[in-house]
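Input: a single structure, listed below in structure tokens.
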Amino acid sequence: MVFVGKGKHNFVIVQHFCPILTQYPHIFPVVRAVDWFIRSFFCTFTAKMCNRRRLVFRPMKRYENYSLLAHNTFGMDVRAVLFFEYDTVEELRAFLLTDDFIHCDRYLHIGSGSNLLFAGDYKGVVMHSAMRTLEVVSETDDHVLVRVGSGYVWDDFVAHCVAQGWAGVENLTAIPGEVGASAVQNIGAYGVEVRDVIVQVEAMALDGSVRTFTNEECQYGYRDSVFKRELRGQYIVTHVTYRLDKTPTYRLDYGDLRSRVEACGEPTLQAVRDAVAAIRDSKLPDPSVLGNAGSFFTNPVIPRVQYEALKAQYPTMPSYPVSEALVKVPAGWLIDSAGWKGRSLGRAAVHDRQALVLVNLGGATGQEVMALAERVCEEVYNRYGIRITPEVNFISCD
Ligand code: EPU
């Protein structure tokens, strides 16, 4: 018996050469050289294939009866029938054509779960993007276009932009979530909305076809886009292209942002990022300590005449202009002045530093949080005649 080496290519050689080798042992070095050559060729070829077509060689992440605890910032310990995470557009397309997806009762695509409230176990497929690519697609002296994978953590993207000196998203520091959701949700804070910097959004339809939406086609509004309305559930965002400026235009006119930034000297992107992070830290609870999903409600937009009448009655009621005829009223103020700030119902509570945020005091169910939300809405309506609506997506368990 001649032993040439381990591995399936060697096995082929041994099978072919064994009878000859026993008869002519002196050709053994030649066989070994041939074997080495074949092995090297196959290894290099296989390695190249692995790099180019990760789809073929990487195991897809597909888990049954999967805990979603690490995938929702409210801290709900619920399970999905199936969880699927993909690294490439090809993997996503392949999954959409599987029986797992085609025959599932329902599906949900999540980001980091920072805007979700699960009522209970999810009886369907939950999908998540792990596409964390970032590429500069074009650059001039004035601006840069960056194409980012939907699974890129939003605040890591902001940190990257600030470090590169790219302006436009620094006011959106420390918003939980991922790039894909930024484009669906039109995230906003401190006078900036992400629609201001989005150039285009690439998304995959459930049949695997890909469509590119211009900023205009996304039909952005306050915390709103076409992906939340007409096209809800029909497309999965895969990449977002942002346009960032190389010369910053600082937007510091929200609350005490300017005074905080200017206290550190001339404004810089990093100073804005630090100031926004400090403001958010002082008001918003850390989800790893106290489960929450940021703003639970959107700020209601009401007719200016209604606001004027209320203002006469409640002179401290703040507002932001929306148009000639409309104003936005902070839901946090309405809830606070209705006496709900810091109050709890069961194991759910209104946060004691920002009334717009509902928190899980520990072990609360989705229903408990919703019961609190409904009670708060009702009392705000009874007092001011204004309906506040959740920004958070309530995912029922039926
Ligand atoms: N207010 C109160 N009591 C409170 C909270 C707020 O009286 O408990 C008053 C404040 O005094 C202020 C006004 O309401 O006059 C607005 O408050 P704030 O500046 O904190 O902003 P917001 O309208 O409550 C929105 C976003 C936040 C974002 C901030 C800053 C929505 C739904 N929320 O909150 O977004 O960080 O502006 O731009 O538009 C999020 O989406 O998770 C989020 C935190």
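The values are calculated or read from the model by the stated rules, or taken from the named source; none is laboratory data. It should be emphasised that the depicted structure is a prediction, and the values quoted were computed from it without experimental measurement. No Cβ is skipped: glycine too gets one built from the backbone with ideal geometry, and neighbour counts run over all protein chains shown.
Figures for the structure shown
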| item | result |
| --- | --- |
| Residue selected from segment 291-304 under the condition of a type in the set (A, V, I, L, M, F, W, C) and farther than 18 Å from Asp336 by Cβ, by the criterion nearest to the ligand (Cβ to nearest atom) | Ala293 |
| Test: residue in segment 264-272 that is more than 9 Å from the ligand (Cβ to nearest atom), touching a residue at least 40 places away in the same chain (Cβ under 8 Å), surrounded by fewer than 19 Cβ atoms within 10 Å (Cβ to Cβ) and outside the structural domain of Ile335 (by TED's automatic domain parsing) | yes |
| Segment 169-189 residues that are under 19 Å from Thr214 (Cβ atoms) and touching a residue at least 24 places away in the same chain (Cβ under 8 Å), paired with ones that are surrounded by fewer than 22 Cβ atoms within 10 Å (Cβ to Cβ) and among the charged types (D, E, K, R) (beta carbon under 7 Å, 6 or more apart) | Val184/Lys228; Gln185/Arg223; Asn186/Glu193; Asn186/Arg195; Asn186/Arg223; Asn186/Asp224 |
| Condition check for Cys104: of a type outside the set (Asp, Glu) and in contact (Cβ under 8 Å) with a residue 60 or more places away in the chain | no |
| Per-region count, segment 347-361, residues away from the ligand (no atom under 13 Å from the Cβ) and touching a residue at least 40 places away in the same chain (Cβ under 8 Å) | 2 |
| Candidate set: segment 189-211, residues that are in a strand (DSSP E or B) and out of contact with any Lys or Arg (no Cβ under 7 Å at 6 or more places or on another chain); chosen: the one farthest from the ligand (Cβ to nearest atom) | Val210 |
| Extreme residue, nearest to Gly385 (Cα to Cα), among residues of segment 289-316 that are among the hydrophobic types (A, V, I, L, M, F, W, C) and without any contact (Cβ under 8 Å) to a residue 24 or more places away in the chain | Ala309 |
| Residue match in segment 199-218 (condition: modelled with pLDDT of 95 or more, surrounded by fewer than 22 Cβ atoms within 10 Å (Cβ to Cβ) and closer than 22 Å to Thr247 by Cβ) | yes |
| Single residue of segment 159-188 satisfying the filter (touching a Ser or Thr at 6+ places or on another chain (Cβ under 8 Å) and in a strand (DSSP E or B)) that is nearest to Tyr235 (Cα to Cα) | Glu178 |
